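Report on the following structure.
The values are calculated or read from the model by the stated rules, or taken from the named source; none is laboratory data. Because the structure is predicted, anything quoted here is derived from the model rather than measured. Virtual Cβ from ideal backbone geometry, glycine too; neighbours counted across all protein chains shown.
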């Protein structure tokens with residue numbers, strides 16, 4: 001397990017309410033592919049002003065893991081709800097409740113700034129997540145549809161975000177992705193169990209339309225291929241495997 005320093009809020013995090021619609025393409029990188037990609041980004045993209053940022057996302061699910069069980073089956077429509085912090089959270093620091101849905105490869109995200117005590121009240125059905133409006137209604141409907149949503153898994157990683165100065169292309173590299181299923185609290189630590197082998201990372205390309213040719217050329221040169229990978233899904237798979245191994249050992 002590893003400890004990562006806290007980091008300031010990113011540009012996106014500074015927005016109290018956000019609605020996003022985009023394509024998100026994921027790739028798994030080994031250390032050599034990461035170095036090739038970073039070299040190719042020069043002259044095309046710039047890291048954001050905050051550099052390496054430690055992010056923690058607390059996923060909510062039903063007690064029988066209905067959301068993640070459905071997600072790993074790769075349906076055409078799927079949804080997740082999570083609470084995100086940038087660095088260790090406190091009761092007063094901003095956190096971001098996100099409803100993320102995917103339909104036919106397009107990602108739709110609803111995002112609301114709040115605090116941990118207010119989010120707890122929301123899931124306890126003691127108040128709205130924001131002052132009314134469509135986003136409040138969508139997130140509330142999702143909560144009520146699944147009846148009981150509780151913290152189920154904490155995903156942590158160290159992200160560097162890149163942007164295209166004259167365009168809409170966004171790209172992130174997530175290093176040291178890790179998880180835990182105990183101490184499900186954004187205020188505790190940034191420690192977790194590794195999701196990938198040492199040195200491997202996750203590339204996410206976020207586009208509105210087509211990928212630029214220069215980036216496609218880098219990916220082709222590095223034999224970097226799209227991967228169907230979910231951090232929460234991989235954590236769930238690893239936990240299932242550990243449970244199965246324990247049962248086999250007990251027998």
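Taking the range 167-182 as the search range and keeping residues that are at pLDDT 95 or above and not in a strand (DSSP E or B), which one is nearest to residue 32 (Cα to Cα)?
Among them, the one singled out is 181.
Condition first: in contact with a helix residue (DSSP H, G or I) (Cβ under 9 Å, 6 or more places away or on another chain) and in a loop (DSSP other than H, G, I, E, B). Now tell me which residues in the range 211-245 satisfy that.
211, 222, 223, 224, 225, 230
The conditions are (1) on the phi < 0 side of the Ramachandran plot; (2) more than 21 Å from the chain's Cα centre (by Cα); (3) surrounded by fewer than 16 Cβ atoms within 10 Å (Cβ to Cβ), and residue 223 fails exactly one of them. Which is it?
Status for residue 223: all satisfied but (1).
For a quick check of your reading of the model, give me the residue pairs whose first member lies in the range 198-212 and is within 19 Å of residue 109 (Cβ to Cβ), whose second is in a loop (DSSP other than H, G, I, E, B) and modelled with pLDDT under 95, with beta-carbon atoms closer than 7 Å and at least 6 apart or on different chains.
Matching pairs, first to second residue: 202/229; 205/211; 207/169; 208/168.
Across the range 25-51, what is the number of residues that are assigned to a loop (DSSP other than H, G, I, E, B) and crowded, with 18+ Cβ neighbours inside 10 Å?
Of all residues in the range 25-51, those assigned to a loop (DSSP other than H, G, I, E, B) come to 30, 42-45, 48-51.
If we keep only those that are crowded, with 18+ Cβ neighbours inside 10 Å as well, we get 45.
The number of residues fulfilling the criteria is 1.
Would you mention how many residues in the range 207-220 are surrounded by 17 or more Cβ atoms within 10 Å (Cβ to Cβ) and either at pLDDT below 90 or more than 27 Å from residue 45 (Cβ to Cβ) (or both)?
1
So, in the range 114-128, exactly how many residues are closer than 28 Å to residue 170 by Cα and either assigned to a helix (DSSP H, G or I) or in contact with a helix residue (DSSP H, G or I) (Cβ under 8 Å, 6 or more places away or on another chain) (or both)?
The number of residues fulfilling the criteria is 1.
Answer yes or no as to whether residue 185 is modelled with pLDDT of 95 or more and either within 17 Å of residue 39 (Cα to Cα) or touching a strand residue (DSSP E or B) at 6+ places or on another chain (Cβ under 7 Å) (or both).
Values: modelled with pLDDT of 95 or more: yes; either within 17 Å of residue 39 (Cα to Cα) or touching a strand residue (DSSP E or B) at 6+ places or on another chain (Cβ under 7 Å) (or both): no.
Here the answer is no, as residue 185 does not meet what is asked.
It is to be established whether one or more residues within the range 144-158 are crowded, with 18+ Cβ neighbours inside 10 Å, more than 21 Å from residue 60 (Cβ to Cβ) and within 22 Å of the chain's Cα centre (by Cα).
Yes, that holds for at least one residue.
Specify which of the listed residues (155, 139, 135) is over 27 Å from residue 210 (Cα atoms), assigned to a helix (DSSP H, G or I), in contact with a helix residue (DSSP H, G or I) (Cβ under 9 Å, 6 or more places away or on another chain) and touching a residue at least 40 places away in the same chain (Cβ under 8 Å).
Going through 155, 139, 135 in turn, the sole match is 139.
From the list 100, 121, 109, exactly one residue is out of contact with any strand residue (DSSP E or B) (no Cβ under 7 Å at 6 or more places or on another chain) and either buried (at least 18 other Cβ atoms within 10 Å of the Cβ) or within 18 Å of residue 81 (Cβ to Cβ) (or both). Which is it?
On the way: 100 fails: out of contact with any strand residue (DSSP E or B) (no Cβ under 7 Å at 6 or more places or on another chain); 109 fails: out of contact with any strand residue (DSSP E or B) (no Cβ under 7 Å at 6 or more places or on another chain).
Just a single option satisfies the conditions, and that option is 121.
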